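The values are calculated or read from the model by the stated rules, or taken from the named source; none is laboratory data. All figures in this text were calculated on a predicted structure; none of them were measured in a lab. Every residue, glycine among them, receives a Cβ derived from its backbone with ideal geometry; neighbour counts consider all protein chains shown.
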Amino acid sequence: MGDVTAAVERPRPWIAALVVATAMQTVLAMLTRALPVIGPPITALAGVPDENVGYLAALCSFGTMVFLLGGAPLISVFGPVRLLQTGAVLAGGAMLLGLTGSWTMILLASFLIGFGYAPSAPAGSEVLQQRVPARRRSLMFSIKQSGVPLGGAIAGAMLPPLLIWGGVPAAVVGAATLAFVAALAAEPLRHAIDADRPAPPETTPGAFAPRLAARLLAPFRIVLADPGRIIITFAGVSFAIAQGALFTFFVTALHVRTDHSLAAIGAAFALMQSVGVVSRVAVGWIADRVGSAHLTLIGLAFASSATMAVIAFAGAGWPYFALSAVAAVSGFAVASWNGVLLAEVSALAPKGRVGEATAATTFFVFAGYVVGPLAISAIVAATGSYVAGFLFAAVPPFLSGTLLLFVRRSEGRPGAGPE
């Protein structure tokens, strides 16, 4: 009875943590989608071909990877919310480099936006893993990850009208302002949430330097130490290749290949992302109720592959309602896997190392976000067509689904190894 009373008197603030993690995830995701959404005018302003938008997405993902190589320990040093705020300010400031019109500065902006976005996965996972009950974890992680398509929906709905109203400067300043406001709004809840962070590691130069290599390699040892974690990470990379290709090229490719306006394509992109918001939550709920994230990921892998193959052939002659329908389906099929994957990674992580394990898996996932856009940019440059590019992106999730289909594992803590 005493334990129950204490729990009632000192509730863990997981709702507030969920709100902060989801809001910051949303704003940071909006910034990563901003430059691809305004891809045609931003590439035209810089005087480069439209397919070069793939390089922006790849550099953004590379920036995230650079942080994930060694940034996870900063969660315990500064606190997860403070790290999210810092990322938002950095990414918002980088967005303003788009005002220069210089392709070099825009490339640098993409890298810094990705670097600022990077804390959203490990810091957000640290916040939720410490507070959310295990029975609700897939759903809560999916709610947090629904901030990714929600951010994309905001980008698709907000930036094209700003472009029409005030050109590239209006869109860039609008996106940056939203980031600064979000960082400020999180401050009232920061102290209560960050107070529960793990004890920081030794940070003196003499203590830190000899262990630098071990710190960089430790998260990857966590992933590679267990077959279950390797399989889930491979699935994440495969999903990321398809999703990265879709989010990067949907607006640019369909604007080039159809007669629809940029605002109309942007609205379809916003619809896709809006469906993704609901889908991520629904998929998390389904995974919890069915009790099998494994089966859930199998279904999503094949659905993702099929959807990318359909989008490959979207082009001139497609009515807008058909384009919108495909966009809506892709919001579910290609963009709803993330929360279930992160919940599994967190469940498999050694005790007290959720942030590091999530950072390691996210590093590999973002390698997929780099490969997808870069490969399609190269394919389009070589063939002059987006068809082969989108078909390429359909292959990895098909392979991943096939692997998951034939690899059986126990549920609950699948493939869990020693801590």
For the condition at pLDDT 85 or above, among the hydroxyl-bearing types (Ser, Thr, Tyr), under 30 Å from residue 350 (Cβ atoms) and in contact with a helix residue (DSSP H, G or I) (Cβ under 7 Å, 6 or more places away or on another chain), what is the one hit in 203, 252, 233? 233
Within the range 93-126, residues part of a helix (DSSP H, G or I), of a type in the set (Gly, Ala, Ser) and surrounded by fewer than 24 Cβ atoms within 10 Å (Cβ to Cβ) come out as 93
Please determine whether any residue of the range 50-66 is of a type in the set (D, E, K, R) and touching a Pro at 6+ places or on another chain (Cβ under 6 Å). yes
Could you tell me how many of the residues in the range 119-141 are among the hydrophobic types (A, V, I, L, M, F, W, C) and either over 14 Å from residue 74 (Cα atoms) or free of Cβ contacts under 8 Å to residues at least 60 places away in the same chain (or both)? 6
Mind listing whichever residues of the range 21-48 are under 16 Å from residue 87 (Cα atoms) and not small (Gly, Ala, Ser)? 22, 24, 25, 26, 27, 28, 30, 31, 32, 33
Go through the range 159-181 and report how many residues are without any contact (Cβ under 8 Å) to a residue 24 or more places away in the chain and either surrounded by 15 or more Cβ atoms within 10 Å (Cβ to Cβ) or not in a helix (DSSP H, G or I) (or both). 3
Hey, could you check the range 52-90 for residues that are touching a residue at least 60 places away in the same chain (Cβ under 8 Å) and touching a Phe, Trp or Tyr at 6+ places or on another chain (Cβ under 6 Å) and say which is nearest to residue 33 (Cα to Cα)? 61
Residue under evaluation residue 367, criteria (1) surrounded by fewer than 24 Cβ atoms within 10 Å (Cβ to Cβ); (2) farther than 17 Å from residue 295 by Cα; (3) of a type outside the set (Val, Ile, Thr); (4) modelled with pLDDT of 90 or more, criterion not met: (4)
Give, as residue ranges, the helices (runs of 4 or more DSSP H) completely inside the range 281-352 that count at least 3 residues that are surrounded by fewer than 20 Cβ atoms within 10 Å (Cβ to Cβ). 293-312, 320-333
Can you confirm whether the range 242-263 contains a residue that is charged (D, E, K, R) and assigned to a helix (DSSP H, G or I)? yes
Okay, helices (runs of 4 or more DSSP H) sitting entirely in the range 1-88 with 2 or more residues that are modelled with pLDDT under 80 and charged (D, E, K, R), I get 2-9
